[in-house]
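**Student:** There's a structure below that I have some questions on.
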Amino acid sequence: MKAIYPGTFDPVTNGHLDIIERCSKKFDKIIVLVLNNPSKKHMFSVEERINLLKDVTSNLENVHVESFTGLLVDYMKQNHVELIIRGLRAVTDFEYEMQMALMNNRLYDDAETFFLIARNKYSYLSSSIVKEVASFHGNITGLVPEKVEMAIKDKLKGV
Ligand code: ADP
């Protein structure tokens, strides 16, 4: 069975990667889908986010990275995927995730969302907090893959 792991991934963190690795063992195929929301401001372009994701998942044969502009359910219908994977870090994630899961199910009856609880060590980790810490020259080693750490530092050089 295949499943889709949608998100912004600006950029991918070790928390995202942990979810991807755990799912890749349970499903035949995982599509990591970078959702392009032009109204949001991002540090990395969609292409850059895809390249980083491809790089850090290159050892996982059943993981594919793609991007999509539009409603997740439209991608799912076009590509015959019915399962959505999302990560839950804390209670604060719950309200938004429940809203999204119910809306996606309303828009596409066959869509079901599976939640994985974040590991303790990543439960406070988000792309935003990593970018914020890095912008003040804080240490982000171990929070993101090495390649991502270098990419963030490169971005911030120009700021
Ligand atoms: P979105 O804008 O769709 O929330 P994100 O890239 O922030 O995109 O997150 C994608 C998914 O990964 C969400 O389900 C989010 O809860 C989950 N996620 C983010 N960070 C972590 C983490 N540290 N551990 C586990 N899941 C996470």
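Every read-out reported here was derived from the displayed coordinates using simple, explicitly stated rules and does not represent laboratory data. Source: prediction; values computed, not measured. As a convention, Cβ positions derive from the backbone with ideal geometry for all residues, glycine included, and neighbour counts pool all protein chains shown.
**Student:** In whole Å, what is the distance between the alpha-carbon centres of segment 21-64 and segment 65-140?
**Tutor:** So the two Cα centres are separated by 12 Å.
**Student:** Given a cut-off of under 8 Å on Cα pairs at least six residues apart, what relative contact order in percent is computed for the chain?
**Tutor:** Numbers: 219 pairs, mean separation 45.3, N = 159.
Relative contact order, the chain: 28 percent.
**Student:** Which of the GluC sites (Glu not before Pro) across segment 1-106 are loop residues per DSSP, with 13 or fewer other Cβ within 10 Å?
**Tutor:** Within segment 1-106, the qualifying GluC sites (Glu not before Pro) (loop, at most 13 other Cβ atoms within 10 Å) are E61.
**Student:** Still on this structure: Using θ = phi - 60° and the Karplus form 6.51 cos²θ - 1.76 cosθ + 1.60, what ³J(HN,Hα) does each residue of segment 113-121 get, whole Hz, x for Gly and Pro?
**Tutor:** Ordered by residue, 3J(HN,Hα) equals 9, 9, 10, 10, 6, 4, 5, 3, 5 Hz.
**Student:** Find which of M150, H42, F27 sits farthest along the positive direction of the dipole of the chain, computed with +1 on the beta-carbon of Lys and Arg, -1 on that of Asp and Glu, about the Cα centre.
**Tutor:** M150
**Student:** If you place +1 on the Cβ of every Lys and Arg and -1 on the Cβ of every Asp and Glu, how big does the dipole about the Cα centre of segment 89-132 come out, in debye to the nearest 20? Write down the numbers at each step before the final one.
**Tutor:** On the way: 5 positive and 7 negative charges, 67 e Å.
It comes to approximately 320 debye.
**Student:** Then there is this: If eta is 1.306 mPa s and T is 10 °C, what Stokes-Einstein diffusion coefficient results for the chain, Kirkwood Rh from Cα pairs, in µm²/s?
**Tutor:** Values: Rh = 16.2 Å.
For these conditions, the coefficient is 98 µm²/s.
**Student:** Next question, about the same structure. Label-point separation (nm) for H80 and M98, each offset 7 Å from Cα along Cα-to-Cβ?
**Tutor:** The answer from the label model is 3.5 nm.
**Student:** Assign unit charges at the C-beta atoms only (+1 for Lys and Arg, -1 for Asp and Glu), then state the dipole size of the chain relative to its Cα centre in Debye, rounded to the nearest 20. If you can, show how the numbers build up before the last one.
**Tutor:** Values: 20 positive and 21 negative charges, 70 e Å.
The calculation lands at about 340 debye.
**Student:** Also, quick follow-up: Relative to the longest principal axis of the C-alpha atoms of the chain, give the angle of the C-alpha long axis of helix 91-107, reported between 0 and 90° and rounded to the nearest 10°.
**Tutor:** 40
**Student:** How much of the DSSP bridge set in the chain is antiparallel, in percent, rounded to the nearest 5?
**Tutor:** Details: 0 of 21 bridges.
Given both bridge residues lie in the chain, the antiparallel proportion sits at roughly 0 percent.
**Student:** Any chance you could list the semi-axes, whole Å, largest first, of the equivalent ellipsoid that the Cα gyration tensor gives for segment 47-132, using √(5λ)?
**Tutor:** Working: eigenvalues 101, 81, 31 Å².
Output for segment 47-132: semi-axes of 22, 20, 12 Å.
**Student:** What residues have an amide H closer than 5 Å to that of F114, excluding those fewer than 5 places away on the same chain, when H is modeled at 1.01 Å from N in the peptide plane?
**Tutor:** Hits under the 5 Å cutoff: I84, I85, R86.
**Student:** Scan segment 1-104 for trypsin sites (Lys or Arg not before Pro) in coil per DSSP, keeping those whose Cβ has at most 10 other Cβ atoms within 10 Å, and list them by number. All intermediate terms of the calculation are to be shown ahead of the outcome.
**Tutor:** On the way: sites: K2, R22, K25, K26, K29, K40, K41, R49, K54, K77, R86, R89; in loops: K25, K26, K40, K41, R89.
Loop-located and lightly packed - K25, K40, K41.
**Student:** For segment 25-74, with only Lys/Arg (+1) and Asp/Glu (-1) charged at the beta-carbon, what is the dipole magnitude about the Cα centre, in debye rounded to 20?
**Tutor:** 220
**Student:** Please find, in a Gaussian network model of the chain (springs between Cα atoms separated by less than 10 Å), the residue of P145, P38, P11 whose mean-square fluctuation is greatest.
**Tutor:** P38
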